[in-house]
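Below: the structure, in structure tokens.
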Amino acid sequence: MKIIAGNWKMNGSRDALVNMVRALQDIDTSNTVILCVPYTMLGVDGGNVYIGAQDASAHDKGAYTGEVSADMIADTGARYVIVGHSECRAYHNDTNDTVRQKAAAVIAAGMVPIICVGETMDEKQAGKTMEVIESGVRESVPSDPDGDVIIAYEPRWAIGAGLTPTNAEIATAHKLIADTLDSMGLSNTPILYGASVKASNAADIMSVPNVGGVLVGGASLKPDDLIPIITSIK
Ligand code: PGA
């Protein structure tokens, strides 16, 4: 079973989510489909798809104006939370340490974190891709987690840019992530690929070893874009 997770970022509305859920009701797939939506859309009934959030506070509760705790997210019925997305790393200064704390909070709340790692263009050009990915996994994934985790490899230079790495580059990154997870005792952890996934490249990317699913941004917003991705992945 493959995982297809949509990341709506700061887009959509409750009505748009209801429409998407309705459009996804009757599609013929054995894949797990997750829609990670803004906080205001949590609580909408996902039908046969899972609803998730896009971030969670590292803190349990208290004087953290504007933050939303993992328990509050779980209280809406959400099952997954993206943590460490490149936009949160870039705009909110999330570090591997913060991401690990957020992931631990998500697990403690009974949900599954989708932990993102990936290199920037500067890091890629400096030949640091492997180092950034490995330290991203080692430092962002809680050791000995008391629940499931999902990793998403998202080359930060490719997100939203219409760029994708070659299948060979994806294979190298995913092998490194799988080996790193093995060494941490987390062998069966799904590893998603994310960045510029669309209907025309999803099945091809899924053929790469150690790719267990996709994290889809822009192409997850409209049923006409998302459904062909879901159905192209067997
Ligand atoms: P994209 O975004 O598919 O629009 O490149 C992916 C992501 O940010 O998760």
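Whether any residue in the range 197-208 is under 13 Å from the mean Cα position of the chain (by Cα), part of a loop (DSSP other than H, G, I, E, B) and within 15 Å of the ligand (Cβ to nearest atom) is what I want to check. Checking the range 197-208: at least one residue is under 13 Å from the mean Cα position of the chain (by Cα), part of a loop (DSSP other than H, G, I, E, B) and within 15 Å of the ligand (Cβ to nearest atom).
PRO145 meets all of the listed conditions (1) surrounded by fewer than 23 Cβ atoms within 10 Å (Cβ to Cβ); (2) under 20 Å from ALA219 (Cβ atoms) but one, namely (2). Looking across the range 106-133, just one residue is of a type in the set (Gly, Ala, Ser) and within 16 Å of the ligand (Cβ to nearest atom), and that is GLY118. Applying the set (1) touching a residue at least 60 places away in the same chain (Cβ under 8 Å); (2) surrounded by fewer than 22 Cβ atoms within 10 Å (Cβ to Cβ); (3) within 12 Å of the ligand (Cβ to nearest atom) to THR231 leaves exactly one unmet item: (3). Looking across the range 209-227, the residues that are within 15 Å of the ligand (Cβ to nearest atom) and buried (at least 17 other Cβ atoms within 10 Å of the Cβ) come down to VAL211, GLY213, VAL214, LEU215, VAL216, GLY217, GLY218, ALA219, SER220, LEU221, LEU226.
In this structure, does ASP15 turn out to be away from the ligand (no atom under 16 Å from the Cβ), acidic (Asp, Glu), over 20 Å from the mean Cα position of the chain (by Cα) and farther than 21 Å from VAL149 by Cα? Answer is yes for this residue. Taking GLY110, is it on the phi > 0 side of the Ramachandran plot and under 20 Å from the mean Cα position of the chain (by Cα)? Taking the combined requirement at face value, the residue satisfies it. The set of residues in the range 7-56 that are out of contact with any Leu (no Cβ under 9 Å at 6 or more places or on another chain), more than 17 Å from MET111 (Cβ to Cβ), without any contact (Cβ under 8 Å) to a residue 60 or more places away in the chain and among the aliphatic types (A, V, I, L, M) comprises MET10, VAL18.
Scan the range 142-180 for residues that are touching a residue at least 60 places away in the same chain (Cβ under 8 Å) and over 13 Å from THR129 (Cβ atoms) and jot them down. ILE150, ALA152, ILE159 - these are the residues of the range 142-180 that are touching a residue at least 60 places away in the same chain (Cβ under 8 Å) and over 13 Å from THR129 (Cβ atoms). From the list THR180, THR164, the lone residue that is crowded, with 16+ Cβ neighbours inside 10 Å, in contact with a helix residue (DSSP H, G or I) (Cβ under 7 Å, 6 or more places away or on another chain) and farther than 20 Å from ASN7 by Cα is THR180.
Exactly one residue out of GLY136, GLY147, GLY160 is within 16 Å of the ligand (Cβ to nearest atom), within 23 Å of LYS102 (Cβ to Cβ), of a type in the set (Gly, Ala, Ser) and part of a loop (DSSP other than H, G, I, E, B): that is GLY160. Close Cβ contacts (under 7 Å, 6 or more residues apart or on different chains) running from residues in the range 181-196 that are within 19 Å of VAL33 (Cα to Cα) and more than 16 Å from the ligand (Cβ to nearest atom) to residues that are outside any loop (DSSP other than H, G, I, E, B) and not acidic (Asp, Glu) comprise THR189/ILE150; THR189/ILE151; THR189/LEU181. Comparison of ALA78, ALA104, ALA53 shows that the only residue that is buried (at least 18 other Cβ atoms within 10 Å of the Cβ), of a type in the set (A, V, I, L, M, F, W, C), farther than 30 Å from SER207 by Cα and at pLDDT 95 or above is ALA104.
Listed conditions (1) within 21 Å of ALA104 (Cβ to Cβ); (2) in a helix (DSSP H, G or I) are all met by HIS174, apart from (1).
The values are calculated or read from the model by the stated rules, or taken from the named source; none is laboratory data. This one's a predicted model, so the numbers in the text were calculated from it and none came from an experiment. Quick reminder, even Gly has a Cβ in these numbers, built from the backbone with ideal geometry, and neighbours come from all protein chains shown.
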